[in-house]
Structures are given as C-alpha cells and as structure tokens.
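Participant: Just passing along the structure, written as structure tokens.
The values are calculated or read from the model by the stated rules, or taken from the named source; none is laboratory data. Computed from a predicted model, the values in this text were never measured in an experiment. Positions of Cβ are backbone-derived with ideal geometry, glycine not excepted, and every protein chain shown enters the neighbour counts. When the accessible area is computed, the model is the full protein with side chains, heavy atoms only, and any ligands, DNA or RNA have been set aside. Shrake-Rupley method; radii C 1.70, N 1.55, O 1.52, S 1.80 Å.
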Amino acid sequence: MSVIDAYLGAAGQAAALLEAPEVATAWGQPSALAKMTVGGLAGHLAYQILSVSSALQVCDSALQESPPQEPPIPLLEHYARAAWIDAPLDGEVNSGIRAKGEGIASQGASWLAELASTSFVEQRTKLAQCSGDQAVFMPQTGLALRLDDFLITRMLELAVHMDDLAVSVGLAVQELPEEAFDLVLVLLARLAARRHGQAALLRTLTRVERAPAAINAI
C-alpha cells in the first residue's frame, strides 16, 4: 500500500471522529491536553487534514504559485528543525498552536466536521493525481518535504491527536489501519532513538530491568 493510501485511511478515521456527537457535546470543556478545550483540540486535529488540501497545489501546475526553491529536506531533518519540540507549554510556539486550533474551531462542531469531511473527500480524488516524490512547500517553516514524507508527518499528528480527542470525550481509541500505524511507528522509533540513543530504545522494548525512565520520541 502506498503512503497516500495509508494517509487516506488515517484521515478518514479522523474525519469520522470529528463527527462523533460526544465531541460536539463536550466542545467547550477542557480536553486531555493542558490549556486546550475539546473544540480547540478538534480544530488542531482537523488542521492536519486541511493542511494536506493546501499542499495539493503541487499536483496541479496550474495552481502552483511558487514551487519550492530548495530541494526537499529529509523527514528526520524536519523534526530536528521543528520549533515546537521541547518548547514550553506557555511559550510562543505552543500558545500559537492552541490559538490556531481554537480559531479553526470557532464556528462550531458541525461546521468543522463538515469542513474536514469535505476536504477529505476532495483529497481522495486529488491525491490520486500526485506522486509521492513531488516537493511540498511548508510556508510555516519555509522548507519543503517530499509529499510522501509530508503525509507521514500528518499521520503522526493524526494518530496522536485522535487518541487525545477520544480520551477527552470518553470514547474508545480506534486503532489505526495497519499500514498507517507501521509508518507512524517507524518514525516514532527513529525519533526516540535519535533523542535517547539506540540502547535506550532497545532496552525499553526488550529489557525492562535496564529500561530508562523515559523514551519519548517528541
């Protein structure tokens, strides 16, 4: 299965979760994430889908405004440069992420669910016209990634925040499609090994008596 198909499987689950009545009922309540409402978290989850729609102009030369001037960077380099990793909860980066999520969600649960669903349906058609090697420009960083790598970053975000949202509203966490989970798992393992070292990761998975206290990837 292609990365595009794996992304569509995860995004379809996220769009369905945003339509759950439990999400709308708890909209203004605190979420499982500090300083973020359920609505704001739903907005942040929806953004992971909406950002793909913005990126798909690379698949249509008529819509390309400014192709990336620099070659795509490797996937792990994207995370090495990410400003939000290790940023303080009340710092500018995380405050901005929370504000953006709340802003996206400001028109309510039904509107957001419809927007995410419509975007997802459009992506199913547009992504079929794309190559995973095409470069995707990310205006928030000024850098570019291969489309496949960009979609893997979206799958990681979708996986993490679907869990956050489901826990926030008391729903069972749905397992990702196997193909999407494999891609997310490999990325998380590589990020964890880079942060803590190979030995720490191996011991966590195989030698509980020597496992470190933390093995977080991000």
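Participant: Sort through 187, 183, 176, 151 and tell me the only one that's open to solvent by less than 70 Å² (accessible area, probe 1.4 Å), of a type outside the set (Lys, Arg), under 28 Å from residue 30 (Cβ atoms) and in contact (Cβ under 8 Å) with a residue 24 or more places away in the chain.
Facilitator: Every option except 176 fails the conditions.
Participant: Anything in region 28-55 that is open to solvent by less than 50 Å² (accessible area, probe 1.4 Å) and of a type in the set (S, T, N, Q)? List them, or say none.
Facilitator: Once the filter is applied, which keeps residues that are open to solvent by less than 50 Å² (accessible area, probe 1.4 Å) and of a type in the set (S, T, N, Q), region 28-55 yields 31, 37, 48, 51, 53.
Participant: While we're looking at this one, here's another question. Considering every residue within region 191-210, establish whether at least one is touching a helix residue (DSSP H, G or I) at 6+ places or on another chain (Cβ under 6 Å), open to solvent by 70 Å² or more (accessible area, probe 1.4 Å) and among the basic types (Lys, Arg).
Facilitator: Yes, there is a match, as at least one residue in region 191-210 is touching a helix residue (DSSP H, G or I) at 6+ places or on another chain (Cβ under 6 Å), open to solvent by 70 Å² or more (accessible area, probe 1.4 Å) and among the basic types (Lys, Arg).
Participant: For residues that are at pLDDT below 95 and either in contact with a Cys (Cβ under 6 Å, 6 or more places away or on another chain) or not in a helix (DSSP H, G or I) (or both), tally how many sit in region 34-70.
Facilitator: Of the residues in that region, 11 qualify.
Participant: Let me ask something else about it. Residue 16 passes all but one of (1) touching an Asp or Glu at 6+ places or on another chain (Cβ under 9 Å); (2) open to solvent by 10 Å² or more (accessible area, probe 1.4 Å); which number fails?
Facilitator: Just one mismatch for residue 16, condition (1).
Participant: Please work out which residue is farthest from the chain's Cα centre (by Cα), limiting yourself to region 120-129 and to residues that are under 14 Å from residue 57 (Cβ atoms) and open to solvent by 10 Å² or more (accessible area, probe 1.4 Å).
Facilitator: In the first step, residues of region 120-129 are kept if they are under 14 Å from residue 57 (Cβ atoms); the result is 122-123, 126-127, 129.
If we keep only those that are open to solvent by 10 Å² or more (accessible area, probe 1.4 Å) as well, we get 122, 126, 129.
Numbers: 122: 18, 126: 19, 129: 22 Å.
Going through the qualifying residues, I end up with 129.
Participant: Considering only residues of region 169-200 that are aliphatic (A, V, I, L, M) and not in a helix (DSSP H, G or I), which is nearest to residue 71 (Cα to Cα)?
Facilitator: Initial filter on region 169-200 (aliphatic (A, V, I, L, M)): 169, 171-173, 176, 180, 183-189, 191-193, 199-200.
Going one step further and asking which of them are not in a helix (DSSP H, G or I), we end up with 169, 171-173, 176.
Working: 169: 42, 171: 42, 172: 41, 173: 38, 176: 31 Å.
The qualifying residue nearest to residue 71 (Cα to Cα) is 176.
Participant: Here are some residues: 166, 116. Which one is surrounded by fewer than 21 Cβ atoms within 10 Å (Cβ to Cβ) and either small (Gly, Ala, Ser) or part of a strand (DSSP E or B) (or both)? Steps first, answer last, please.
Facilitator: Working: 116 fails: surrounded by fewer than 21 Cβ atoms within 10 Å (Cβ to Cβ).
Only one candidate passes the filter, namely 166.
Participant: Could I ask something else about it? Which numbered condition trips up residue 101, out of (1) under 26 Å from residue 217 (Cβ atoms); (2) outside any helix (DSSP H, G or I); (3) at pLDDT 90 or above?
Facilitator: (2)
Participant: Within region 129-157, which residues are assigned to a helix (DSSP H, G or I) and of a type outside the set (Lys, Arg)?
Facilitator: Here is the first cut: in region 129-157, the residues assigned to a helix (DSSP H, G or I) are 129, 147-157.
The answer is 129, 147, 148, 149, 150, 151, 152, 153, 155, 156, 157.
Participant: Something else about it: Tell me, please, whether a residue that is touching a residue at least 60 places away in the same chain (Cβ under 8 Å) and of a type in the set (A, V, I, L, M) can be found in region 206-213.
Facilitator: no
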